[in-house]
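First comes the structure, then the notes that go with it.
The values are calculated or read from the model by the stated rules, or taken from the named source; none is laboratory data. Computed from a prediction, not measured in an experiment: that's the story for all the values here. Virtual Cβ from ideal backbone geometry, glycine too; neighbours counted across all protein chains shown. SASA here: full protein model, heavy atoms, side chains in, ligands and nucleic acids out. Shrake-Rupley method; radii C 1.70, N 1.55, O 1.52, S 1.80 Å.
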Amino acid sequence: MEKYINFFNKCANYYIENAKNELQKTHINRKIEHSKRVNKMSVEIAEKQGLSEKEIYLINIASLLHDIGRFKQFYEYSTYIDEISCNHALLGIEILEQEKVLDDITLEEKNIVLEIIKLHNYKELPEKISEKLCTYANIIRDADKIDWLYAMVNIIPKLAKEDQAVFYSRKEDKKYISEKIVNKVISDQTITKAEIETIDEYRAVAIGWLTSNIKNKQSYEIIKREDLINKIYDLMADTKEKEIIFEHVKKSIEEI
């Protein structure tokens, strides 16, 4: 793993050193720490699933490098919204190919790592992928989502308002959750960023992932260990909409 860690650090440090302003430094730094946490959680989930040493090695590589395109994305566009900038997963693959980072593993292993990276930000995984690839991708997709919950609780509240706004795609800081969002969350429907209007709706949607998008039992163990559900609940305004969502989520989690 030393080669991949060195490449990750080299790439990250380049964009920190060449950042255009403090905003870029702050948010490139947060993606550095995000990648490290996702890496750690992904390996934990894979190990608890009893995957082979080779499989864990590939997940280790893919999870560390899954957001390698984020640094260049924020440097060039000052946003992490793919729809108005670029697909950060494909940008990451382009960087890895150009730098020949994965050329010391077999072609089959390289293709697995690149596919995991490509799939990590899909809304839904394609039906026609192998069971193995689905397993690998879902491990990193779970860790990615868990870390968003972690950031809501442990990182965002400590930032300046301007930096918090970047996290929440500059949504309104109003204590409001629409009936539409409530209905979609409790029916486990996919919700796009464009449908979200407020920060509390962002939090509600993230909590909704726990019943619709988290795929591994081992992922729920991490969520429970970190007490993320209750901590996000405490961040949100006391509304009947919040209570409906959390009642649904907690009931679903208890059954796992």
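Output the residue which, of all residues in the stretch 56-71 that are touching a Phe, Trp or Tyr at 6+ places or on another chain (Cβ under 7 Å) and not aliphatic (A, V, I, L, M), is least open to solvent (accessible area, probe 1.4 Å). Here the answer is 71. Which residue is modelled with the lowest pLDDT, if the candidates are limited to the stretch 182-208 and must be over 20 Å from residue 247 (Cβ atoms) and among the charged types (D, E, K, R)? Among those that are over 20 Å from residue 247 (Cβ atoms) and among the charged types (D, E, K, R), it is 193.
From the residues in the stretch 212-241 that are aliphatic (A, V, I, L, M) and assigned to a helix (DSSP H, G or I), which one is farthest from residue 150 (Cα to Cα)? This residue is 235.
Test residue 36 against the criterion of being within 23 Å of residue 137 (Cβ to Cβ), open to solvent by 30 Å² or more (accessible area, probe 1.4 Å) and not hydrophobic (A, V, I, L, M, F, W, C), and give yes or no. Considered against the rule, which asks whether it is within 23 Å of residue 137 (Cβ to Cβ), open to solvent by 30 Å² or more (accessible area, probe 1.4 Å) and not hydrophobic (A, V, I, L, M, F, W, C), residue 36 comes out as yes. Given the structure, is residue 49 of a type outside the set (Val, Ile, Thr), modelled with pLDDT of 95 or more and surrounded by 22 or more Cβ atoms within 10 Å (Cβ to Cβ)? No; evaluated as a whole, the condition is false for this residue.
Look through the stretch 169-202, keep the residues that are among the small types (Gly, Ala, Ser) and outside any helix (DSSP H, G or I), and return whichever of them is nearest to residue 234 (Cα to Cα). Among them, the one singled out is 178. Within the stretch 45-163, which helices (runs of 4 or more DSSP H) (wholly inside it) include 2 or more residues that are over 19 Å from residue 32 (Cα atoms)? It comes to 53-65, 88-98, 107-119, 131-154.
Could you say which residue among 53, 83, 2, 99 is more than 30 Å from residue 217 (Cβ to Cβ) and free of Cβ contacts under 8 Å to residues at least 40 places away in the same chain? Sole residue among the options that is more than 30 Å from residue 217 (Cβ to Cβ) and free of Cβ contacts under 8 Å to residues at least 40 places away in the same chain: 2. The number of residues in the stretch 238-256 being touching a residue at least 60 places away in the same chain (Cβ under 8 Å) and open to solvent by 20 Å² or more (accessible area, probe 1.4 Å) comes to 4.
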